[in-house]
Ligand code: SIN
């Protein structure tokens with residue numbers, strides 16, 4: 001065979017080989033609903049960077065923030081259809097997949113961020129990562145946002161102040177019951193619609209963390225905030241069981257290690273944001289922030305806590321007890 005033909009054959013082979021290698025790169029589309037400046041937004045980018053360093057050429061993560069691709073309701077369907085491969089919705093949004101994660105919505109159950117970490121790192125919390133396996137979802141880790149605060153266009157000092165007010169809630173039956181317990185009117189709504197709904201008066205109030213209240217500018221369209229710390233906003237980093245199980249073992253192991261590292265950073269960013277974003281909102285002077293006395297806080301807890309009993313069968317008494325063990 002003339003030398004030139006051997007050379008041409010070699011070039012073709014090497015092109016085909018490198019193309020097949022390129023084709024093997026696993027692309028993970030990560031869709032989420034917050035801005036890139038939030039703890040979740042930053043952690044998603046960090047995950048992307050770590051994967052680019054450690055799994056270069058094998059795995060790539062593309063991040064789509066701010067409901068660019070899907071809102072939280074759509075993203076779960078998209079995960080199951082393999083249109084995206086990762087998301088980190090609030091645990092409040094999985095009622096159709098498992099009732100167990102409703103645990104995280106129980107009002108006044110988690111005392112603070114430390115109690116959340118204590119539970120999620122413990123055996124019960126780790127077991128709960130698998131609670132939606134039979135619906136095709138695999139939890140990969142918990143990401144913190146922080147404690148939720150209440151707001152409206154009036155001071156919410158005692159539970160009676162919430163009576164008749166329309167509050168936006170995430171799609172959770174537990175959160176619905178929580179607001180009904182204070183005779184308010186809860187409305188399930190996507191995160192991306194909240195700002196408009198508040199500014200046009202479609203809803204009167206909302207509950208969220210300082211980080212989301214700042215980055216989505218809710219403080220510009222609500223006259224009063226109550227530092228209630230009445231519940232937690234916790235995320236689950238989630239993929240489909242089918243996608244996760246399809247990964248080669250070595251890649252799965254490395255990805256799990258990277259996720260652990262990103263999770264630690266995410267928690268640190270969430271704790272920092274809770275403080276910094278609250279201070280930013282106070283400094284803005286755009287709204288009033290009310291701090292409850294112990295007696296006022298106790299009134300909210302007394303009004304809302306009966307919700308625990310209502311959902312005990314769904315979330316598991318053993319799980320409630322495990323959270324209580326983490327401090328009350
Ligand atoms: C999020 O932080 O991902 C959104 C939470 C919400 O829907 O309020």
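The listed residues are 84, 59, and the only one of them that is farther than 21 Å from residue 272 by Cβ, within 16 Å of the ligand (Cβ to nearest atom), in contact (Cβ under 8 Å) with a residue 40 or more places away in the chain and in contact with a helix residue (DSSP H, G or I) (Cβ under 6 Å, 6 or more places away or on another chain) turns out to be 84. For the condition out of contact with any strand residue (DSSP E or B) (no Cβ under 9 Å at 6 or more places or on another chain) and either within 16 Å of residue 260 (Cα to Cα) or modelled with pLDDT of 95 or more (or both), residue 64 does not qualify. Among the residues of segment 162-175, those that are more than 10 Å from the ligand (Cβ to nearest atom) and surrounded by fewer than 20 Cβ atoms within 10 Å (Cβ to Cβ) comprise 163, 164, 166, 173. Considering segment 194-262, the qualifying helices (runs of 4 or more DSSP H), each wholly inside and each with 3 or more residues that are surrounded by fewer than 22 Cβ atoms within 10 Å (Cβ to Cβ) and more than 16 Å from the ligand (Cβ to nearest atom), run over 241-246. Anything in segment 179-215 that is out of contact with any strand residue (DSSP E or B) (no Cβ under 8 Å at 6 or more places or on another chain) and touching a residue at least 60 places away in the same chain (Cβ under 8 Å)? List them, or say none. If the condition is that a residue be out of contact with any strand residue (DSSP E or B) (no Cβ under 8 Å at 6 or more places or on another chain) and touching a residue at least 60 places away in the same chain (Cβ under 8 Å), then 181, 182, 190, 191, 192, 214, 215 are the ones that fit. Scanning segment 27-56 for residues that are within 22 Å of residue 91 (Cα to Cα), assigned to a helix (DSSP H, G or I) and touching a helix residue (DSSP H, G or I) at 6+ places or on another chain (Cβ under 6 Å) yields 39, 42, 43, 46, 47.
Being part of a helix (DSSP H, G or I), at pLDDT 95 or above and within 16 Å of the ligand (Cβ to nearest atom) is the requirement here; does residue 95 meet it? So residue 95 fails the test.
The values are calculated or read from the model by the stated rules, or taken from the named source; none is laboratory data. Since the model is a prediction, treat every value here as computed from it, not as a measurement. All Cβ positions, glycine included, derive from the backbone under ideal geometry; neighbour counts span all protein chains shown.
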